[in-house]
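Data first, discussion second: the structure below is written as structure tokens.
The values are calculated or read from the model by the stated rules, or taken from the named source; none is laboratory data. Computed from a predicted model, the values in this text were never measured in an experiment. Cβ placement follows ideal geometry from the backbone for every residue including glycine, while neighbour counts extend to all protein chains displayed.
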Amino acid sequence: MNHQKKQLLHRLKPYLFMAPALLLAYVFSYRPFLRTIANSFSVVNYSGQIIDFVGLENFRNLFADQNFLTSLFNTFRFAGYFVPLNLLFCLICALLVYKKRRFAAFNETLFMLPMAVAMSSAALVFRALFNPSIGVVNYLLHLNIQWFNDPRWAMGMLVVLGIWMAIGLDFLLLVGALRSIPQSIMEAAEIEGAGPLTLLLRVQLPLISPTLLFIVTTRLRDSMLLSGPVMVMTEGGPLRSTQTLVYHMYLEGFAGGNYSKGSAISVVVFLLTFFLILLAFRAERKGVFYQ
Amino acid sequence: MLKRRIRYRVPIMLLLLIVTVALFGRGVSESQNQQKTEIEFWHPNSGLLGEAMTELTEQFNQTIGEEKQIVVREIYQGKATDVATKLRASLQAQRPQDLPDLAQIDATGVMDVRESDYMIPIQNFVEADPDFSLEQLQPGTVLSMTYKDVMIGMPFNASTILLYYNKDAFSKAGLDPERPPETLAELAAYAKKLKITAPDGKSITQYGFAGVPSTYELVSWIGQQQGVSYITDKRNGHDGNPTQVVWDTDGTLATFLDAWRNVYESGGLGNLTSDVRQQFIAGKTAMFVISTSSLATILDSVGDRFTVGAGYLPKVDETATGGVNIGGGAIFIFDQKNDARRAAAWEFLKFLTSAESQLLWHQRTGYFPVNMDTYELDEFKQHTDANPLFGVAIDQLHDSDPRIQSVWWPNSYQAYYDIQNAVIEMLEGGVSTDQTVQSLSERLNRYMQEYNRMNP
Amino acid sequence: MMTTRRMQHMINAIVATVLGLIVIFPIYWAFIASFFSSAEFSSWPPRLFPSSFSFTHYVRALTQSPLLKFMFNSLLVSGLGTIVRMIIAISAAFSVAFFSFRGKRILFFLLLGTMMLPPDALFIENYLTVSRLGLVDSYLGIMSVYLLGPVQVFMLRQSFKSIPKTYHEIATMDGCGDFRFLFSVVLPLSRSVVLTLSLHSFFTIWNTYLWPLLVTNDPNMRTAQVGITMLGYADSLDYGPVFAAISLMVLPSVPIFVLMRNRIAEGIKAGMAVG
């Protein structure tokens, strides 16, 4: 008897170890995912219950809705500004500092500090800084931009905030990657007469390409999901110029009670992030150089 | 061997303890007394308004609360739309336990609660309580909270929209600081004179008027035309779920848009959509419209930088005499299936709408008292004499038709932005009035149709 | 006589410092602004230094709102959430790395598959789930969606797999139980990865905004992120206490960061190497 019990336990053991993770995966990822898909193909009433199936109608309405197209466009617009600018800025900072010279430690700390500040705190600070009537940004840069009221510039605030929040981590990753390039390779290239620009483009960048890819992919994904800063800083305004997909989902699904539409937007967000991951894998296979 | 076992036992025990606490830990209640009935009140009042609310709550807890063993916890939940969102979330999940006992809701949130089984109409309490009579309350406010002939919410924070203006700027522009514009045509003329461009000719240092009208303003600007008008059918949703707008067939929207375009063409209008109040305080715009509930805050922030003036909302044109809508909000009671709590909520509500409480609320915010007895108090008369701006909203109320109602429609948040966007596109994009009316109406109608389909 | 190389490095250092100061300027400003009076706040041109160091805003922030409770909540949720997440991830990774059983591959990929499903896109349904379980306004409710970290599972498995299989075989033959093996052999060997992943988790959970906002109604349960935006939120004119609160939250972490700088940097780099 005892021996059989032990046998059973022994066989179940691996499954038991994985059980909590699998349970969580089901409850908080797969089940809601399937339900969201189901909702997106139906009419859902105020209490969250499905009352009718309507196929692709929600999606057709969605893509005909100017409001949604604006959210889609804004999300891509944000990604288009944020991802390259972030990479550029962090790369510059990393290149300036990685060589372990005298002030390197001090500078490194400076660039890392934004990590200590939580997103909503940073958003509130930036709100004050960008305020056209009392904020420092306009004053120091001699600008008169109505950051909160001008649809052309409001996105700029979010991009700056995004870069600020991302510096801490991305900078560290880049510095780590740059430092992991063996000194011997660098010296060999220099001996062959490579100038600093060639060094950068032909030697360093290719060798840190896994890190570059990681940063680009992660930040692209974050762009698709941008919602927190929008909620705290701009609430999608002015004139919806900063309304992003996930924020729109919050507006429709939560604030507006329209679950079917909110779910349809969710599905679009899923598809986008999924394709980005696929793209990332392809890029990895093609362009990334592993030592 | 033994050492190793002990070394791991302690942290594991600690971990289990923490995990247990966390798993079963919830918000710790401030109240220590088990005998007292504790009730929760959600509201969107912050800043000066928040302080007034805290004071009122403390007053209650220390007087009637002590007497009747009631403790009220007032919780700031964000802006009015946030309170509504939170309520809706709990209502939809069908978890009345997560609902508060009372909540202060404005027009944008009424739709979510009015049909709910978890909401107890105030009328029930009024009928059961012989000491309380509806006649104590301002009749217009009562009407504004009536749905299908049942009074569902208790008016608490009542306001009307005012035109705020900078008296010093008026004088400097050669305008009479005691005579604000009375129609939109006059507004256009005033705005033109008040606009100040920077010396470099590129930016504007002072707008004549700033703001983009949306739901709140339009309820009055549409409502005051042709005697009494509405934005949607079913009397702006007070008789049932609205199904479509009527401001297109009534022609009221077109009339307004034409008058508004006139203001824009004067050159003095700034299409600002956010922080307009702050712009006024900073002196960047000479006029703007907002609820009287901002009066105290504005006076406090402006200080003595300039003299603030307040006037009636300018009429759309000479024939639009309906006045303005009673805005603000009301307090709703939710059913916690507990007699003690229900009674406690009602006690608190009676306190909040008592003459003295309404006086304090009025003085500290600018909302006008809903309790008719407040107007008879000496303190009230003294305060109004010393601070005439606080009386403007009340006078305007008396000059308005009480049938003008706020609009109860779905997707109020989206509708708000849709209207603003339509107006801006019309002004800056050169879209015709008819086109604007048509496309905006289509959008809004679609919200109502979708809502009615989702909730047959 | 300075060589071009040394000059280059000096220029680099100077530019880097300037950039660095620009980067931390918002932090500096938030701290300074917590001492401004309302008038100083609204003045133009904006001030860069307060005229006096009065602590009124700090007092207000601490007395008018459960600020300390917010921070405690955030710490608890992030800390405990990280611990539980790591336990669950270690448990799953251990199973996959050291046992062989039917369906192992499928189950593992199922776990990883959740990486494709960002929690933020699922919050509507998750909210309904959590509230129907009665977990609104509870610590467990806030942590619930973060307790599974597929990235953690993946990285831990990588790390565990680098431990030679022979170790496990020898240990089993010696009669060593699984827990013993886990605690005495596997974890010590994977210490740096575990540390890195824990730090990473902590920060991720600490920084979340949308979910804690939805799931908490009671101000006593709010996390710091959400609580801070609720201080004079609608009143954009009352910044003082908000910045005092932000300073209180940030300033303690600054020295910790400076001291732990190397540790954190090493951890992140190690994590990248494993991946």
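With respect to being farther than 22 Å from residue B:60 by Cα, modelled with pLDDT of 85 or more, among the aromatic types (Phe, Trp, Tyr) and in the same structural domain as residue B:340 (by TED's automatic domain parsing), residue B:76 falls outside the description. Among residues that are under 15 Å from residue C:86 (Cβ atoms) and out of contact with any Leu (no Cβ under 7 Å at 6 or more places or on another chain), residue C:109 is not included.
Quick one: count up the residues across segment B:185-210 that are surrounded by fewer than 23 Cβ atoms within 10 Å (Cβ to Cβ) and in contact (Cβ under 8 Å) with a residue 60 or more places away in the chain.
Summing the residues that are surrounded by fewer than 23 Cβ atoms within 10 Å (Cβ to Cβ) and in contact (Cβ under 8 Å) with a residue 60 or more places away in the chain in segment B:185-210 gives 9.
Taking the conditions (1) modelled with pLDDT under 90; (2) under 30 Å from residue B:119 (Cβ atoms); (3) surrounded by 19 or more Cβ atoms within 10 Å (Cβ to Cβ) in turn, residue B:324 satisfies each one other than (1). If I filter segment B:68-82 down to residues being assigned to a helix (DSSP H, G or I) and farther than 19 Å from residue C:124 by Cβ, which single residue comes out as nearest to the other protein chains (Cβ to nearest Cβ)? For segment B:68-82, the residue satisfying everything is B:80. Scanning segment B:311-331 for residues that are in a loop (DSSP other than H, G, I, E, B) and either of a type outside the set (Ser, Thr, Tyr) or under 20 Å from residue B:299 (Cβ atoms) (or both) yields B:312, B:313, B:314, B:316, B:317, B:318, B:320, B:322, B:323, B:324, B:325, B:326.
Within segment B:95-113, restricting attention to residues that are within 14 Å of chain C (Cβ to nearest Cβ) and touching a strand residue (DSSP E or B) at 6+ places or on another chain (Cβ under 8 Å), the residue that is farthest from residue B:42 (Cα to Cα) is B:96. Reported count of residues in segment B:70-88, each being in contact with an Asp or Glu (Cβ under 8 Å, 6 or more places away or on another chain) and closer than 16 Å to residue A:253 by Cα, is 3. Helices (runs of 4 or more DSSP H) fully within segment C:1-109 that include at least 3 residues being modelled with pLDDT of 85 or more: C:4-33, C:67-98.
Of all the residues in segment B:274-310, those that are within 14 Å of chain A (Cβ to nearest Cβ), β-branched (Val, Ile, Thr) and either in contact with a Ser or Thr (Cβ under 9 Å, 6 or more places away or on another chain) or in a helix (DSSP H, G or I) (or both) number 3.
Just one of (1) at pLDDT below 85; (2) of a type in the set (Phe, Trp, Tyr); (3) within 24 Å of residue A:119 (Cα to Cα) fails for residue A:281. It is (3).
Just give me the residues in segment B:144-167 being in contact (Cβ under 8 Å) with a residue 24 or more places away in the chain, surrounded by fewer than 16 Cβ atoms within 10 Å (Cβ to Cβ) and of a type outside the set (A, V, I, L, M, F, W, C), in sequence order.
Passing the criteria: only B:148.
Of the residues in segment B:404-449, how many are touching a residue at least 12 places away in the same chain (Cβ under 8 Å) and either assigned by TED's automatic domain parsing to the domain that holds residue B:146 or of a type outside the set (Ser, Thr, Tyr) (or both)? Residues that pass the stated criteria total 27.
Okay, residues lined up against (1) polar (S, T, N, Q); (2) under 19 Å from residue B:135 (Cα atoms); (3) assigned to a loop (DSSP other than H, G, I, E, B); (4) modelled with pLDDT under 90:
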| site | (1), (2), (3), (4) |
| --- | --- |
| B:336 | yes, no, yes, yes |
| B:341 | no, no, no, no |
| B:349 | no, yes, no, no |
| B:356 | no, yes, no, no |
| B:380 | no, no, no, no |
| B:390 | no, no, no, no |
| B:393 | no, no, no, no |
| B:419 | no, no, no, no |
| B:439 | yes, no, no, no |
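Selection within segment A:78-107: residues that are facing another protein chain (nearest Cβ under 7 Å) and either in contact (Cβ under 8 Å) with a residue 24 or more places away in the chain or polar (S, T, N, Q) (or both). The member of this set that is nearest to residue C:249 (Cα to Cα) is A:107.
Conditions tested, residue by residue: (1) among the basic types (Lys, Arg); (2) under 30 Å from residue A:152 (Cα atoms); (3) in a helix (DSSP H, G or I).
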site: A:173; (1), (2), (3): no, no, yes
site: A:181; (1), (2), (3): no, no, no
site: A:199; (1), (2), (3): no, no, yes
site: A:211; (1), (2), (3): no, no, yes
site: A:248; (1), (2), (3): no, yes, yes
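Selection of segment B:217-273 for residues being crowded, with 18+ Cβ neighbours inside 10 Å, within 14 Å of chain A (Cβ to nearest Cβ) and in a loop (DSSP other than H, G, I, E, B) yields B:241, B:272, B:273.
Step by step: first the residues of segment C:132-144, then only those that are in a helix (DSSP H, G or I) and in contact (Cβ under 8 Å) with a residue 60 or more places away in the chain, then the one that is farthest from residue B:87 (Cα to Cα). Which residue is that?
Looking at the filtered set, the residue picked out is C:143.
Scanning segment A:164-196 for residues that are polar (S, T, N, Q) and either surrounded by 23 or more Cβ atoms within 10 Å (Cβ to Cβ) or more than 8 Å from chain C (Cβ to nearest Cβ) (or both) yields A:183, A:184. In segment C:58-106, the residue that is nearest to the other protein chains (Cβ to nearest Cβ) out of those that are basic (Lys, Arg), farther than 30 Å from residue C:30 by Cα and surrounded by fewer than 19 Cβ atoms within 10 Å (Cβ to Cβ) is C:104.
Per this entry, residue C:184 is not counted among residues that are over 30 Å from residue A:228 (Cα atoms), surrounded by fewer than 21 Cβ atoms within 10 Å (Cβ to Cβ), more than 12 Å from chain A (Cβ to nearest Cβ) and in contact (Cβ under 8 Å) with a residue 40 or more places away in the chain. Only one of the numbered conditions (1) of a type outside the set (Lys, Arg); (2) without any contact (Cβ under 8 Å) to a residue 24 or more places away in the chain; (3) out of contact with any Lys or Arg (no Cβ under 9 Å at 6 or more places or on another chain) is not met by residue B:175, and that is (3). Could you please let me know if residue B:106 is within 30 Å of residue B:300 (Cβ to Cβ) and buried (at least 18 other Cβ atoms within 10 Å of the Cβ)? Yes: the conditions hold for residue B:106. Residues of segment B:199-232 that are farther than 30 Å from residue B:281 by Cβ, under 22 Å from the mean Cα position of the chain (by Cα) and not polar (S, T, N, Q): B:228, B:230, B:231.
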